[in-house]
Amino acid sequence: MIKYNQLMENENQNNLEFKVFGLSMEKLSIYYGLFLILWGVIISFISGSNSFTSYIPSILGLPILIFSYLSIKITSKKKMFMHFVVMFGLIIFLGGLDFIRTLITGNVFEFNIWADLSKVMMLFTGLFFTYQCIKSFRHARKMRELGNVE
């Protein structure tokens, strides 16, 4: 009976948690950080770029990965760490907006296809990620107001 009650309590807790693609925001953030790190490394390798700027996605993905991991390991500071994560997500989105400048000048994918591809990736994934973080924060606030979460 105790195991059943614990199972039901865990199930209810999981239903109260905000999820994207079945993942908590912390886990999604870890995957997003890893994706950004790999993107920067792979694009730099494929393009043969020696430029520091080709690693910008990796550089921005690293703090997302670290703070997401810390939010899982140090749950008492989860809120603070996840706010750092969303700030980096917003920076990624804003960095991706530079693609619009390239679009306006009419030089899209002409001079450096890899840089433009990275900007497009940062624009759309940064927007999606930041939007999901905001939805998660709103959900957490709603759950706190309802008394379902600390």
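None of the figures in this text is laboratory data; all of them are computed from the coordinates on show. Given the structure is predicted, the values throughout are model-derived calculations rather than measurements. Here the Cβ is made from the backbone with ideal geometry for all residues, glycine too, and neighbour counts use every protein chain on show.
Figures for the structure shown
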item	result
Net lengthening on full extension, Leu146/Phe21 (0.36 nm per residue, minus Cα-Cα)	42.6 nm
Relative contact order of region 44-147, pairs being alpha-carbon contacts under 8 Å that are 6 or more residues apart, as %	25 percent
Net dipole in debye of the chain [+1 Lys, Arg Cβ; -1 Asp, Glu Cβ; about Cα centre; nearest 20]	420 debye
Chymotrypsin sites (Phe, Trp or Tyr not before Pro), loop per DSSP, at most 10 other Cβ atoms within 10 Å - longest free stretch of the chain	22-110
Under the span-like rule (Cα at least 24 Å along the axis, Kyte-Doolittle mean at least -1.0), DSSP H helices of the chain	25-47, 56-73, 78-96, 113-146
Sorted largest first, extent of region 37-103 alpha carbons per principal axis (Å)	42, 25, 13
Among Met122, Met25, Met87, residue whose mean-square fluctuation peaks in a GNM of the chain (springs only between Cα atoms under 10 Å)	Met87
Cα-based reach from Lys19 at 21 Å (exclusive), listing lysines while leaving out same-chain residues under 8 positions away	Lys27, Lys73, Lys77, Lys78, Lys79, Lys135, Lys142
